[in-house]
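The values are calculated or read from the model by the stated rules, or taken from the named source; none is laboratory data. Because the structure is predicted, anything quoted here is derived from the model rather than measured. So basically every Cβ, Gly included, is an ideal-geometry build from the backbone, and we count neighbours across all protein chains shown.
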Amino acid sequence: MSIELRLHTIDSLYDIVFQNVLSEGGKIFLGSASPRICRFCNQTETETRFRKIAHALPASIGNKRLILIDECDQCNEYFANTLEDSFGKYSKSYRTMFGIKAKRKVPSYKTNTQVARIDVDTKNRAIRIGGDEDVIFRANEKENQYTLAMHIEPYSPLAVYKALVKMALSTLEADMLHDFIDVVGWIRFNKKQEFFPGPHFMCQRFTPGPSFGSSLFVVTFQRRPEISTEYPRLMFLCVMGSIALQIGIPSKGEQVLHLPLFPIPGEDQATYSSVQTEIVNLTSNEYVRTDRRLFSMRQQR
């Protein structure tokens, strides 16, 4: 299906309620400071505190702009220590390899045995390997192919999915959250699990090509009222460098059957290889402890 047809299909099904590049530009504030009521737990300033800066998307993935005025410190800490912790571990190797800066720098990668590491120099567009290179680096000079094998710290797949749901809800105006109160309860307090039994899938797309210091781009879509519930109530797309993560977020009792894919940067560039697409099942709440990720590249001649 052509990019034009895909865009037309999505336009007929959804309205865009938020889209922006969040890695550069002035601050964007969502929520009301008076009265200040937490969008996730409904506590007021007399019941909780609002002292911390609450990033709508984690600063670790490059969000420098979108700030929530109405996320309390308790919810901020809960999401950071649970959902965002798993998402951070799942995405760290991507953020390292694609040169995605957190608050100050691109995260370094270290093996679980601490015998080798990878650092990315975005200024000079270079990947540096230190320590025992053989642990993570494989070279096939005959085929002109080089591979880095990076382990992933233990993470909960369901927490990764919920982290993306939280990001999507954080891009909405507060008055829209009333339509997603059950989803909020599910990700914040693990309530009403029967409404969202799964399966929960994420479409992960990778565009080969240079991406050092790439931007963070997000889009949130809301299904039009007349459209079948086979399509998710909300869709959320998060593009970090060369990796694009897209999920569908249903309402209670709905099951996502169709997820129209929004075109991502690089898809229409003939100089790049075709986009690699993977459907990732994030339904399980059991921690994944033996996962690893391979990055292959070729040297230009």
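For region 179-195, taking the residues that are within 21 Å of the chain's Cα centre (by Cα) and aliphatic (A, V, I, L, M), the one that is surrounded by the fewest Cβ atoms within 10 Å (Cβ to Cβ) is identified as Val184. Out of everything in region 30-61 that is small (Gly, Ala, Ser) and out of contact with any strand residue (DSSP E or B) (no Cβ under 6 Å at 6 or more places or on another chain), what residue ends up being surrounded by the most Cβ atoms within 10 Å (Cβ to Cβ)? Going through the qualifying residues, I end up with Ser60.
Residues are listed down the side, and each one gets a yes or a no for (1) buried (at least 22 other Cβ atoms within 10 Å of the Cβ); (2) under 19 Å from Val184 (Cα atoms):
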| position | (1), (2) |
| --- | --- |
| Phe217 | no, no |
| Glu226 | no, no |
| Pro232 | yes, yes |
| Ile249 | yes, yes |
| Gly253 | no, yes |
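Kindly indicate whether any position in region 188-202 is touching a helix residue (DSSP H, G or I) at 6+ places or on another chain (Cβ under 9 Å), at pLDDT below 90 and acidic (Asp, Glu). Checking region 188-202: not a single residue is touching a helix residue (DSSP H, G or I) at 6+ places or on another chain (Cβ under 9 Å), at pLDDT below 90 and acidic (Asp, Glu). Using the structure shown, decide if Asp134 is under 30 Å from Gln43 (Cβ atoms) and among the acidic types (Asp, Glu). So Asp134 fails the test.
Filter region 70-105 for residues that are at pLDDT 85 or above and assigned to a loop (DSSP other than H, G, I, E, B); which is farthest from Ala174 (Cα to Cα)? Among them, the one singled out is Thr82.
Counting the residues of region 106-138 that are part of a loop (DSSP other than H, G, I, E, B), surrounded by fewer than 15 Cβ atoms within 10 Å (Cβ to Cβ) and either β-branched (Val, Ile, Thr) or out of contact with any strand residue (DSSP E or B) (no Cβ under 6 Å at 6 or more places or on another chain) (or both) gives 6.
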